[in-house]
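Trainee: Below: one structure in structure tokens.
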Amino acid sequence: MNPVPPARGLRAGALLVSGVINLAGALAVALAMPGTAGDGRIAAAWAVLQFISGVWAGVLGANSPFLHGLVAGVPALLLGLALPGPLPPQFVVVAWFLAPSAALLAAALMRFMRRRR
């Protein structure tokens with residue numbers, strides 16, 4: 001038997017899925033929510049958006065979930081810093097770190113569940 005070596009580097013599919021989720025969600029939060037929701041709700045939606053995109057980056061990002069999570073959060077980070085809105089820049093930067101944290105958590109859970117079988 002010839003085992004397949006583990007994948008290294010960034011996976012384009014993982015970045016595409018998590019990046020699209022991140023960008024679409026950030027656009028929705030930044031452009032649609034400010035007129036109808038309060039600042040607390042916008043901040044919560046932004047944090048959930050970063051977490052969800054990070055989870056997908058961790059699930060699809062095989063052997064480098066942290067790196068995939070960092071890259072997956074970049075579209076919302078840039079959008080949050082570029083567009084004026086109710087979120088302060090320091091919140092946008094700190095929320096960006098939710099994506100790699102969620103990616104690590106998702107990857108750890110997947111590995112734990114695979115070993116239990």
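The values are calculated or read from the model by the stated rules, or taken from the named source; none is laboratory data. No experiment lies behind these values; they were computed from the predicted model shown. Don't worry about glycine lacking a Cβ; one is built from the backbone with ideal geometry, like all the others, and counts go over all protein chains shown. For the accessible areas, the whole protein counts, side chains as well, though only heavy atoms, and no ligand, DNA or RNA atoms are used. Shrake-Rupley method; radii C 1.70, N 1.55, O 1.52, S 1.80 Å.
Trainee: Just one of the numbered conditions (1) open to solvent by less than 20 Å² (accessible area, probe 1.4 Å); (2) among the aliphatic types (A, V, I, L, M); (3) closer than 15 Å to ALA43 by Cβ is not true of ALA107; which one?
Mentor: (3)
Trainee: Now for a separate question. Suppose we keep only residues that are among the β-branched types (Val, Ile, Thr) and in contact with a Gly (Cβ under 9 Å, 6 or more places away or on another chain) within the stretch 18-54. Which one would you say is farthest from LEU81 (Cα to Cα)?
Mentor: Ranking the candidates gives ILE52 first.
Trainee: Let me ask something else. Considering only residues that are surrounded by fewer than 17 Cβ atoms within 10 Å (Cβ to Cβ) and aliphatic (A, V, I, L, M), which ones fall in the stretch 73-103?
Mentor: VAL74, LEU78, LEU81, ALA82, LEU83, VAL93, VAL94
Trainee: A follow-up question, please. When the stretch 34-52 is examined, which residues are found to be surrounded by fewer than 21 Cβ atoms within 10 Å (Cβ to Cβ) and part of a helix (DSSP H, G or I)?
Mentor: Answer for the stretch 34-52, where residues must be surrounded by fewer than 21 Cβ atoms within 10 Å (Cβ to Cβ) and part of a helix (DSSP H, G or I): ASP39, GLY40, ARG41, ILE42, ALA43, ALA44, ALA45, ALA47, VAL48, PHE51, ILE52.
Trainee: Moving on. Residues of the stretch 44-80 being among the polar types (S, T, N, Q) and closer than 14 Å to MET110 by Cα, which ones?
Mentor: Those that are among the polar types (S, T, N, Q) and closer than 14 Å to MET110 by Cα: ASN63, SER64.
Trainee: Same structure, new question: Just checking, does the stretch 14-33 include any residue being buried (at least 18 other Cβ atoms within 10 Å of the Cβ), part of a loop (DSSP other than H, G, I, E, B), of a type in the set (Gly, Ala, Ser) and without any contact (Cβ under 8 Å) to a residue 60 or more places away in the chain?
Mentor: No: zero hits.
Trainee: Determine which single condition VAL55 fails, assuming it passes every other condition in (1) open to solvent by 50 Å² or more (accessible area, probe 1.4 Å); (2) among the β-branched types (Val, Ile, Thr); (3) under 9 Å from the mean Cα position of the chain (by Cα).
Mentor: Only one criterion is unmet by VAL55, namely (1).
Trainee: How many residues does the stretch 59-72 contain that are open to solvent by 50 Å² or more (accessible area, probe 1.4 Å) and either touching a Ser or Thr at 6+ places or on another chain (Cβ under 7 Å) or assigned to a helix (DSSP H, G or I) (or both)?
Mentor: Matching residues across the stretch 59-72 total 5.
Trainee: Let me ask you something else. If a residue must be of a type in the set (Gly, Ala, Ser) and at pLDDT 90 or above, how many such residues does the stretch 20-39 contain?
Mentor: Result for the stretch 20-39: 4.
Trainee: Continuing with the same structure: Go through the stretch 74-117 and give me each residue that's modelled with pLDDT under 90 and under 21 Å from ALA28 (Cβ atoms).
Mentor: Within the stretch 74-117, LEU83, PRO84, GLY85, PRO86, LEU87 qualify.
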